[in-house]
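Contents: one structure, followed by commentary.
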Protein chains: 4
Amino acid sequence: MLGSGFIGRFYADSIQGLRSKDKIVSVYSRREENTKKFATDYNCKHWTTNMEESIAHPEVDMVCIALPNNLHEEAVRLCCKHKKAVITTKPLGRNAAEAKRMLEMVEAAGIFNGYLEDLVYTPKSLKAIESVKNGAIGRVLWAKSRETHPGPHSDWFWDIEQAGGGCILDLGCHCVELNRSYIGKDIRPVEVMCWADTQVKPIEAEDHAIALVKYENGAIGQFEVSWTFRGGLDLRDEVMGTEGTIWINSFLRTGFEMFSTGKGGDYIAEKAESNTGWLFPVGDELNELGYNHMFNDMFNARESGKAPKETFYDGYVVNAVLDAAYKSAKTKLWEPVMLDIWRGRVGVTKDSHLIEFDADHYLVKEETTHYGAKKVILKEKKSGKIIERVLE
Amino acid sequence: MLGSGFIGRFYADSIQGLRSKDKIVSVYSRREENTKKFATDYNCKHWTTNMEESIAHPEVDMVCIALPNNLHEEAVRLCCKHKKAVITTKPLGRNAAEAKRMLEMVEAAGIFNGYLEDLVYTPKSLKAIESVKNGAIGRVLWAKSRETHPGPHSDWFWDIEQAGGGCILDLGCHCVELNRSYIGKDIRPVEVMCWADTQVKPIEAEDHAIALVKYENGAIGQFEVSWTFRGGLDLRDEVMGTEGTIWINSFLRTGFEMFSTGKGGDYIAEKAESNTGWLFPVGDELNELGYNHMFNDMFNARESGKAPKETFYDGYVVNAVLDAAYKSAKTKLWEPVMLDIWRGRVGVTKDSHLIEFDADHYLVKEETTHYGAKKVILKEKKSGKIIERVLE
Amino acid sequence: MLGSGFIGRFYADSIQGLRSKDKIVSVYSRREENTKKFATDYNCKHWTTNMEESIAHPEVDMVCIALPNNLHEEAVRLCCKHKKAVITTKPLGRNAAEAKRMLEMVEAAGIFNGYLEDLVYTPKSLKAIESVKNGAIGRVLWAKSRETHPGPHSDWFWDIEQAGGGCILDLGCHCVELNRSYIGKDIRPVEVMCWADTQVKPIEAEDHAIALVKYENGAIGQFEVSWTFRGGLDLRDEVMGTEGTIWINSFLRTGFEMFSTGKGGDYIAEKAESNTGWLFPVGDELNELGYNHMFNDMFNARESGKAPKETFYDGYVVNAVLDAAYKSAKTKLWEPVMLDIWRGRVGVTKDSHLIEFDADHYLVKEETTHYGAKKVILKEKKSGKIIERVLE
Amino acid sequence: MLGSGFIGRFYADSIQGLRSKDKIVSVYSRREENTKKFATDYNCKHWTTNMEESIAHPEVDMVCIALPNNLHEEAVRLCCKHKKAVITTKPLGRNAAEAKRMLEMVEAAGIFNGYLEDLVYTPKSLKAIESVKNGAIGRVLWAKSRETHPGPHSDWFWDIEQAGGGCILDLGCHCVELNRSYIGKDIRPVEVMCWADTQVKPIEAEDHAIALVKYENGAIGQFEVSWTFRGGLDLRDEVMGTEGTIWINSFLRTGFEMFSTGKGGDYIAEKAESNTGWLFPVGDELNELGYNHMFNDMFNARESGKAPKETFYDGYVVNAVLDAAYKSAKTKLWEPVMLDIWRGRVGVTKDSHLIEFDADHYLVKEETTHYGAKKVILKEKKSGKIIERVLE
């Protein structure tokens, strides 16, 4: 485990949680004090403030990178050097160039690589994505992901040099990969329009952004990210398809509601803003946020010699989309997604939107009126005229 | 009442509903059969298929226009001619030019004019807007309004000539005015970025669109509109402020849930898609959709010689924003909102986002850690460096 | 209007609200100061501290009683004397004996009488009850109504002599009538089991109670009432039928959610406990709580010479059920509901629960398994044996 | 693993799920075909249709009983004989006498014993129970648990001889233990009032029941159970305390909503009734239903030589409460809970409900009025009179 901060601890809780057979054998982080504490808390037999020493440790089979964004590349380089399997927290790089170098490095080294995009692995996402694949909502038209909260916990996030960006990079990476998972990971993201601003925080980076991402098949992705949201951690996905709809609320409204006058309150959940009044705790954050199923996939994939669901390649695609978002926020134009490496389908065209009603008409809409009658609205193929017809 | 269709009947139900003292004395619509039926159903003593006759009717004090979009201007012209107070369904015009002509006409004629933007008048909106004005959520950063459903009831909506546009014009007009109401109706909408597409329906007009609207004070408005949504009428607003959040669900989730196997089902609600399985009826559509409070404001304003909350001027501003949206959807650029007439504040600048912590630092974030300690993240004013400090 | 307190003002807001043609011409209450203030606020031309004077006032057509429970009977007596139509707030009496005397009085006097049970008139209740009548959920098995909050506003509620009881009388009256409306108002309530206790408040009366009410057709009613609930006004109904389910949340979760740090908060809703953190305001309390539709029914009924949906007779039945509840709370036995006057059906028997599958079997359950197969569980008519059979 | 049915498979999915180090080495069930299939699906090296053979298998360290209720006792007897740790599905026995024999057996044999009451182990329950212990909602006044669905999957549940009862035994066991966990497992359940009926199904046992359970400290427990509920699996808990409220929805409303027209639908969740319209899937049933945390506790307890959170003793207490419920449903009286063995606190008295305001008054209620004033309602200690006082 590289890193002993907030996210490293979350990962460790999951990796060694419940009845897991997996074990963290070595921990590295920059500050000795934190490293020792982590080692004690998680029963790691080895700890060090020298990154390479931890990676090279003979009992280490897989390296988990839980470091600030600017340190990912160096850590990956060392994993390649020592031929260790590597999994990295999100985002993969601070930009697509960095991500691409990492991707090429691990593939050249032939090592196992996994991209720790946990929100794709939440139990709700897994089931919803599977339902979409099974056709439950038809052709996907729009996929939106929203992640907003009152700002990250650690200081380095707020420093643009270490973080590489603001909430777009921190949170948008989740959203883009969720969108891709619903729309189809083999469908190419084509161009991006993004608005971003620093509305509240005294920082260089953006603290609020909204973007639209066009996919080659005509579907549209959307993300809404912010470090200025008040009320907790707002984590919601919405998907519209021709035959259905999906609404997922992963954190603030999950069927657990508590009111407390506050005489006796306790810590409730990551990023809760209060412990009095109406509170919305989450039962099991590790599971709800996808950590358990993510590590399960990573470790099982490694053992069975397969690629996990999320690899460095996915991290690279995400970074490329975010690069376009950053550029668009400046140029105010729809910016193309620059993908030197693309392994999905090419030349996909938009599906037809013409639904045949009969030989002479397309169907616009079918409905039951107030009065119980069945009514159709049709378009005449030849004239293009819209007509209304009451059936029976 | 001009028009006897779906919306005209909704209006009539509201105007003459409950214990109302108001009365529809004359109804005009194009088809005799419908006109008669309306007159019978609502006890109108006079009906006609000649619009001017209805407007000129001596007992008519105020004219309510519930006609297809392309007939608004002519109706307004006749009201001016006969000096009758006029209220018009949304959108005011098919575009800003039309709207501006109507605005100038009524003001030249000196007649009372009201813009029937019902969603600003829903009980939830009224209370939420008032709370925002009282400062309950601080400075507004973002206001989003979403209105999507499986498509309108009447045939003319689907004909671009009569309607003037697709779901942007039909539904976006609501959203823009809701956004303005939260952000401040005196704050100028500056420019618009819009994506629009015809993804499903066999029509010329757009059936799905998303837009961002920048306001002069740095706030951002957003609308999501569609005629392709599956599952009912999705009517939601979200507002983010520096000190709070508002989430309003006006239709599909209002605390009324029913499961039915369908042995005996009945009509539930406007735009419901089914009458079996889990259903989400609305108690009182007229009230929930704002009709009652809207007509209350219109009629009270008229009686007290004041302007109502929503006038032709507001309708004109909305049309101007929508024009920019349509243009942007084509040019793919942020398009300026062209407002020849602007009566709000000018030269508003963005609020500062610097929060003083002490003489040397700005406050980035304050939080309570897992371990109960109070932590602040600060920015040094001079160096711009981000630091973390644990308080006591 | 007799009474100028909390409930009197709510009634007046509704009666004279929106575009109402109805008018309060006279107000009586005990304290001169309050009476005057009410008269000013609601533009009543006449006010008095003499109850009979108000009732007898020549312009008063209908008397609305909004007084403490112990004053209802005297007020009704005076209405009879002056032959004025009368509508009374809930509960009708402090017990069934009082209620019966009032019922007999108004019927002897031949005057219009209405029972102001508002919760049966909420838009959600009206629609749900209608759906039940239309068969949407099949045969009703269970109807539960819950009303709990942190205690009433006015001092007299807490005084057992004036109020006649605690939360059972104050809130249970709503619940019993809601239950009856779902189960069928013509179905006789047979016996009651009630638990009641004073768990928190320093009062004589109960501050928490739960009761079960058996109806002659085998359906079961339930109420949960309390003055000790924390978190606001919890107003929920649940109904189970053989073909469906109804869940209604009338107050705390109606699709309006607000988070506020509290810098600028304002009064939100009746019985809210806080104005910071997550808040759940109600858009339009008057409408959501049923006042508008209740007075609409009362006044329309009066004008058309019909009985309203809720009359003194209903109030009497409710009081009889509550009497049995009070008795049961003491005796710890199922207590019969003593109804000297019963105008519904008699001799109703329980519906059969045997569903024919084929000539030899009853159907216990039909389901689709994990594996997609259709499975039935059957009971052999002769042997009574339970068997499982997979179809196709 | 004894049993290869629905629940046995759920247990196996959890025990061997994710990255678990635990392994099912042997499976027994009555039908050879099922046993073999289970062994194949879960990679058990040993399978048998002889129960004792499986229990005695040398690699079996702990026996998990997932058999119909009437076979628990025999299985436990064999575990005692072979001195194997044993964990048993709920309910422990068909009645308290059976449960007591099992409890005494395992304690005499000195073997590890665990009671598989999963709903106490759901992530939401674990966190909520901990919050209650930390005082977040003050003194618990009422704890309700509701479990209703359209009926169990396997045929034996519907046969009263094998099952020992209907929905009270099947579902009430969960509810009673949840209630106890909130109220305090050391607080004695004193007496029970229960209504039960067979309203829908052609069976001997009850298909719907509601009960109240009085605890020695004055708290009240409640359960609502049914096999006739329509709409899915309704699993909700509510707790009222002097300082707060808890609402948990464990299944039907957990932040995952899907609408599907049904063209392409798939199996969604245990006990869902449909795969079209609005659906409410559960992300990860194993985790949401508490299986993961339950087995985690069981296995960790076993390894560390401690008792798990839920033991046979708890199962026995639950059976005793249910016995009283069954008796009460027949006698229509509050029936005492007969507990020959009681290991909790004794002689607990009801807490005082008097809150001191000042030397002369108790506080009844404090509130903020419409008009912003702070108001208290007080009770004079001497006179018992209720007064109202507005503070500044």
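The values are calculated or read from the model by the stated rules, or taken from the named source; none is laboratory data. Fair warning: this is a prediction, and the values are worked out from it, not measured in the lab. We place every Cβ from the backbone using ideal geometry, glycine too, and count neighbours over all the protein chains shown. When the accessible area is computed, the model is the full protein with side chains, heavy atoms only, and any ligands, DNA or RNA have been set aside. Shrake-Rupley method; radii C 1.70, N 1.55, O 1.52, S 1.80 Å.
Using a Gaussian network model of chain A in which every pair of alpha carbons under 10 angstrom is joined by a spring, one finds that among A:A359, A:A163, A:A324 the greatest mean-square fluctuation is at A:A359. Note that the protein assembly as shown presents 34 Å² accessible area per residue, ligands and nucleic acids not counted, probe 1.4 Å. Helix A:312-331 and the longest principal axis of the Cα set of chain A meet at an angle near 70°.
Within the listed set B:A373, B:A66, B:A209, the residue fluctuating most in the Gaussian network model of chain B (springs between alpha-carbon atoms under 10 angstrom) is B:A373. In the range A:44-127, the inverse of the mean reciprocal separation of distinct Cα atoms equals 13.5 Å; this is its Kirkwood hydrodynamic radius. Between copies, the label points of D:E366, set 7 Å from Cα on the Cα→Cβ line, lie 2.3, 5.9, 6.2 nm apart, reported in increasing order to one decimal in nanometres.
Summing Lys and Arg as +1 and Asp and Glu as -1 over all other residues whose Cβ lies under 13 Å from the Cβ of D:F295 gives a net charge of -2. Of all DSSP-defined beta bridges confined to the range C:58-149, some 0% are antiparallel rather than parallel.
Please grab the % of Cα pairs in chain B that end up more than 28 Å from each other. Within chain B, distances greater than 28 Å cover 52 percent of Cα pairs. Once the Cα atoms are used to define both axes, helix A:96-109 deviates from the longest principal axis of chain A by about 70 degrees. The mean count of C-beta atoms from other chains within 10 Å of the C-beta of residues in B:145-155, rounded to a whole number, is 3. Each listed q (0.25, 0.28 Å⁻¹) maps to a log10 I(q)/I(0) for the range A:47-93 from the Debye sum over equal C-alpha point scatterers, namely -0.90, -1.11.
Interface B/C, total buried accessible area with a 1.4 Å probe, nearest 100 Å²? It comes to approximately 4200 Å² buried between B and C.
If you count, for each residue, the other Cβ atoms within 10 Å and average over each peptide, how do B:225-236, B:105-116 line up from highest to lowest?
B:225-236, B:105-116
Among the GluC sites (Glu not before Pro) within the range C:150-251, those in coil by DSSP and having at most 16 neighbouring Cβ atoms inside 10 Å are C:E204. Considering only alpha-carbon pairs that sit under 8 angstrom and 6 or more positions apart, the relative contact order computed for the range C:86-234 is 28 percent.
For C:T331, the point set 7 Å out from Cα toward Cβ sits 1.7, 8.4, 8.6 nm from its twins in the other copies, listed from shortest up. Quick check: from the Cα gyration tensor, does the range D:65-172 come out rounded (a/c under 1.5), prolate or oblate? Taking the square roots of the gyration eigenvalues as a ≥ b ≥ c, the range D:65-172 is oblate. Residue by residue along A:222-235, Cβ atoms of other protein chains within 10 Å of the local Cβ number 4 on average.
Of all chain C residues, the one whose Cβ lies closest to the rotation axis that maps C onto B, given with that distance rounded to whole Å, is C:K21, 2.
Taking the DSSP beta bridges with both ends in the protein assembly as shown, the antiparallel portion is around 75 percent.
Rounded to the nearest 500, the 222 nm mean residue ellipticity of chain A from helices alone is -8500 deg cm²/dmol, with -39,500 (n - 2.57) taken per DSSP H run of at least 4 residues. Inter-chain neighbour count for B:284-293: the average number of beta-carbon atoms from partner chains within 10 Å of each residue's beta-carbon is 4. Shape descriptor for the protein assembly as shown: Rg over Rh equals 0.96 (Cα atoms; Rh from the Kirkwood inverse mean 1/r). Counting protein heavy atoms only, the protein assembly as shown has 49 percent of its accessible area on carbon and sulfur, 1.4 angstrom probe.
Among D:360-366, B:94-100, what's the highest-first ranking by average C-beta atoms within 10 angstrom per residue?
B:94-100, D:360-366
Starting from the label point of A:R101 at 7 Å along Cα→Cβ, the same points in the other copies fall at 6.2, 7.5, 9.4 nm, in ascending order. Net charge of the neighbourhood of B:I160, taken over other residues with C-beta under 13 Å away and scored Lys/Arg +1, Asp/Glu -1, is -3.
With a cut-off of 12 Å between beta carbons, the residues surrounding A:E204 carry a summed charge of -1, where Lys and Arg count +1 and Asp and Glu -1.
Could you pull out the pairs from D:K90/D:K309; A:K201/B:K382; B:K127/B:K214; C:K37/C:K90 whose alpha carbons sit more than 18 Å apart here?
B:K127/B:K214; C:K37/C:K90
Using a Gaussian network model of chain A in which every pair of alpha carbons under 10 angstrom is joined by a spring, one finds that among A:S260, A:S29, A:S250 the greatest mean-square fluctuation is at A:S260.
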